[in-house]
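A quick write-up on the structure given underneath.
The values are calculated or read from the model by the stated rules, or taken from the named source; none is laboratory data. Only a predicted model underlies this, so the values are computations on that prediction, with no experimental measurement involved. With ideal geometry, Cβ positions are generated from the backbone for all residues, glycine too; neighbour counts draw on all protein chains shown. Surface accessibility is based on the protein's heavy atoms, side chains included, excluding ligands, DNA and RNA. Shrake-Rupley method; radii C 1.70, N 1.55, O 1.52, S 1.80 Å.
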Amino acid sequence: MPAEVIRGREWHGRGVSLFGWSNEPDDSRQPPLISEEGGRVLGLNGHLADPADAPRLPDDTVGGCFSAWIARDGELTASTAINRVCPVFHAETPDLYVVGSRALLVHLAAQPVDRIDHDVRALQTMIRQGFFLSDETPYLGVSALRPSSRIDIRGGSRTITETPLPEAAPAPTSARRKRAAIAELGDALLATVAPLREAGEPVNLALTGGRDTRILAALLHAARVPFRVTTNGLDTHPDVILARQIAARLKVEHTVIAPPQTAAKDAVLVEHPLSRAWETLRTCEGMTSAYESIVSYLPYSGKPTMSGQSGETLRAGSLNLLQTDLSDKALLRRINNTFYKDEKLFTAEANEHARELAKPWQARANRLEALDHLYIWYKVGRWQASARAGSLRRGDPVRPFLDNRVVRAALSLDQGWRLSEEVIYSLILRFAPELRDVPIEGKPWRFAERMAARRPRWFARTHTPPAHLPTPKTGGGWSWRTSPGPALTDVLREQVLGGLDALTPIVNPDEVRALFADPVVKKPALAWHLYTVSTLLTGLYPGKQPEGLEAISVSRPGV
C-alpha cells in the first residue's frame with residue numbers, strides 16, 4: 001500500500017524493542033496499535049471482541065480475531081488465537097530473537113547479510129496445494145507459531161507452549177442436551193456482533209442463498225444489529241431469489257447487483273501473470289498461489305462489512321464437507337491426498353518430506369477430527385491467514401466465524417453432528433425462526449436427507465426443512481483461470497520451464513515438461529502454483545513492480 005497511508009509506533013526497553021505499523025488512520029479502534037498499562041506494553045494484530053479484555057492477554061478464552069505481543073524490560077511474549085488467522089512468525093540467530101506478523105520482515109531482520117534465503121524444500125506443499133500444510137514458510141529459518149500457542153523470550157532463552165485444540169464431546173442424545181450445546185455456540189456468536197450495535201451505521205452483509213451467510217443474517221437479526229444485505233447475480237439465480245425472501249422475512253434493505261451483460265463474451269483480457277504474481281507475492285509473501293484472486297488495495301474504510309467466509313468451521317471443516325464416503329479408509333485417503341497429491345511430479349526427497357508432515361495426522365484415530373483440525377490449522381491458519389492480508393488493506397471485515405470463542409465452541413461439538421448440518425440449521429432457527437420455511441440453495445441439508453430416508457412420510461413432512469433450490473447448471477461457470485487457453489498457457493510454460501533449475505530440488509523436470517506438453521495445460525491450478533513458486537525463487541519479489549506487460553486474451557473454449 002502507499003507509504004503515506006502507513007503510520008507506526010515503537011517502544012524500546014532493556015533488550016526488547018516493539019514496532020507496530022498500520023494503515024488504519026487513527027487509534028479509534030481499541031486497544032491502540034501499541035499501548036502501555038500495568039507495567040507492560042501490548043501490541044495487537046487484529047481486534048478484540050471486547051477491548052476491556054486486553055489486560056487478560058494472552059488468554060485462550062478471550063474473544064476476537066487477533067494475535068498479541070506483550071513486552072517488558074528483558075521479556076517478550078507473542079501468542080496466537082485458536083485458528084492463527086492473525087499469524088505470528090519467529091526466527092532465531094546467535095544474537096537475536098525476532099518475532100512478527102510478517103514472515104519476510106522477520107527473515108530480513110534475522111539475516112546477517114542483505115539477502116533472502118528461501119526454504120526450497122518447504123515450498124513443495126505450495127506447489128501441491130497453493131498454500132502451506134506445515135508451520136514452514138518460504139524463508140529459511142522462519143516458522144509460523146501454531147494455533148493457541150505462545151512464544152516467551154526471557155533471560156536470553158526462548159520457550160514455546162501450545163494448548164491443544166478442544167476435544168469434541170460426544171454428540172448429544174437428547175433434545176435438551178442438543179439445545180444446551182447449540183446455545184453455548186449461539187452465545188459465542190452473539191458476543192462477536194454485539195459491539196456492532198454502536199457502529200453508527202448498518203453492517204453491509206454479502207448475502208447468498210446458502211448456509212453460511214444465512215446464519216449471519218439471522219445472527220444480526222437476533223442481536224438487533226442494524227444491517228442491510230447485498231447480493232450479486234441475476235434475478236433468476238437462486239442466490240437472488242432466496243436472498244430476497246430472507247431480506248423480506250427479516251425486514252432489511254436488499255440490494256441486487258447484476259453482473260455486467262455483454263453482447264458476446266467469447267474472450268476476456270486478463271493481466272499478465274507476472275503482474276499478478278508480483279502483487280500476490282508482495283501481499284501474501286509467497287504463501288498463497290497467484291491462482292487465487294487476492295483483494296486489491298483501496299483506501300482503508302472503517303465501514304462494517306461481513307461475509308460468510310470460514311463458515312465451514314460450524315460444519316466440521318471444508319475437508320470433511322468434500323466427503324460423501326465417511327468410511328475410515330476414505331477419510332484416510334483424504335488426509336493422504338491433502339499432503340502428497342501429484343507424487344509423480346515431485347522428487348523422492350520432496351515426497352518423503354510430505355509424508356513426514358502427514359504422519360501426525362495419519363496417526364489420529366478419529367479421522368473426522370483430524371480433517372476438522374487440518375482445516376483450522378492450515379486451510380484457515382495458513383491459506384486464509386495469508387490471503388486475508390489483501391482484504392485487510394481495505395478495512396477489517398467482521399468475521400464471526402473466525403472469532404476465538406466461536407471456533408473454540410464449535411470444535412467442542414462432535415464432528416459428525418456438525419457435519420450433518422443440524423447444528424447450523426438449529427442456530428438459524430434459534431436466531432430467526434422467521435426463516436424456517438425459506439429453502440436453501442444448492443444441495444439439501446444433510447441431516448434432512450437422512451431423516452427423510454429413515455422416517456415415515458408424515459414425520460418428514462412435519463419435521464424436516466423445506467425442499468432445497470438447486471443451483472442451475474449454466475455456461476456461466478467458465479473462468480479464464482480454469483480454462484487458460486493457449487496464449488496464457490504459453491506465458492506460464494515459459495516462466496516455469498525457463499526457471500526449471502530453481503525448482504529441481506523439489507520437482508522432476510521431465511514431469512513438469514509433460515505437464516506443459518499440450519497447447520493448453522490440463523491442470524491449470526497446478527500450473528499456477530508452479531508459476532508462483534518459480535517467480536518467487538527467481539527473484540520477482542522483493543523487486544520493482546513489472547512494467548509494460550501487455551494484457552493477455554483468453555478465449556472461451558468452443559467459441
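Data overview
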item: When the convex hull of its Cα atoms is projected in every direction, mean area for segment 28-171 (nm²); result: 11.4
item: Segment 94-180: C-alpha gyration tensor shape, a/c 1.5 cut-off, then a/b vs b/c; result: oblate
item: LYS178 accessible area, assembled protein chains, probe 1.4 Å, Å²; result: 60
item: Percent accessible area from carbon and sulfur atoms, segment 11-167, protein chains only, probe 1.4 Å; result: 49
item: Intensity falloff of segment 244-340 expressed as log10 I(q)/I(0), Debye formula with alpha-carbon point scatterers, at q = 0.11, 0.12, 0.23 Å⁻¹; result: -0.73, -0.86, -1.17
item: Sequence of VAL256, VAL512 from largest to smallest accessible area, 1.4 Å probe; result: VAL256, VAL512
item: Placed amide H near GLN323: partners under 5 Å, 5+ positions off or other chain; result: none
item: Within segment 1-149: Cβ-based charge dipole about Cα centre, in debye rounded to nearest 20 (Lys, Arg +1; Asp, Glu -1); result: 320
item: Cα centroid separation, segment 221-242 to segment 92-161 (Å); result: 42
item: Extended-chain gain in nm, criterion 0.36 nm per residue less alpha-carbon gap, ASN336 and THR538; result: 69.7 nm
item: Charge dipole (the chain, unit charges on Cβ, about Cα centre) - positive-most of SER101, TRP445, LEU368; result: TRP445
item: Full-stretch length increase - GLU511, ASP50 - with 0.36 nm per residue and alpha-carbon distance subtracted; result: 160.7 nm
item: Peptides 224-230, 381-387, 241-247, 505-511 ordered by average Cβ neighbours within 10 Å, highest first; result: 381-387, 241-247, 224-230, 505-511
item: Semi-axis lengths (Å, descending) of the ellipsoid that matches the C-alpha gyration tensor of segment 470-559; result: 26, 17, 13
item: Gyration tensor verdict on segment 331-390 (Cα atoms; rounded if a/c is under 1.5, prolate if a/b is larger than b/c, oblate otherwise); result: oblate
item: Relative contact order, percent, segment 123-180 [alpha-carbon distance under 8 Å, six or more residues apart]; result: 18
item: Lysine pairs meeting the criterion (Cα under 19 Å, 8 or more apart or interchain), as found in segment 249-395; result: 5
item: Separation of alpha-carbon centers, segment 176-206 and segment 285-343, rounded to whole Å; result: 23
item: Segment ARG102-ALA199, length gained on full extension (0.36 nm per residue, minus Cα span); result: 32.0 nm
item: Ordering of 151-159, 124-132 by burial proxy (mean other Cβ atoms within 10 Å per residue, highest first); result: 124-132, 151-159
item: Charge dipole (debye, nearest 20) of segment 41-88; +1 at Cβ of Lys and Arg, -1 at Cβ of Asp and Glu; result: 120
item: Label assignment, Rg/Rh (Cα atoms, Kirkwood Rh) derived from the structure, set (1) 1.40; (2) 0.96; (3) 1.07; result: (2)
item: ASP437 versus ASP119: modelled label distance in nm, points set 7 Å from Cα along the beta carbon direction; result: 5.7
item: Inter-site label distance for VAL16 and LEU298 at 7 Å from Cα along Cβ, in nm; result: 3.9
item: Within segment 291-410: Cβ-based charge dipole about Cα centre, in debye rounded to nearest 20 (Lys, Arg +1; Asp, Glu -1); result: 320
item: Helix runs (DSSP H) in the chain reaching 15 Å along axis by Cα, Kyte-Doolittle at least -1.0; result: 175-193, 211-223, 238-250, 273-284, 328-340, 485-498, 524-537
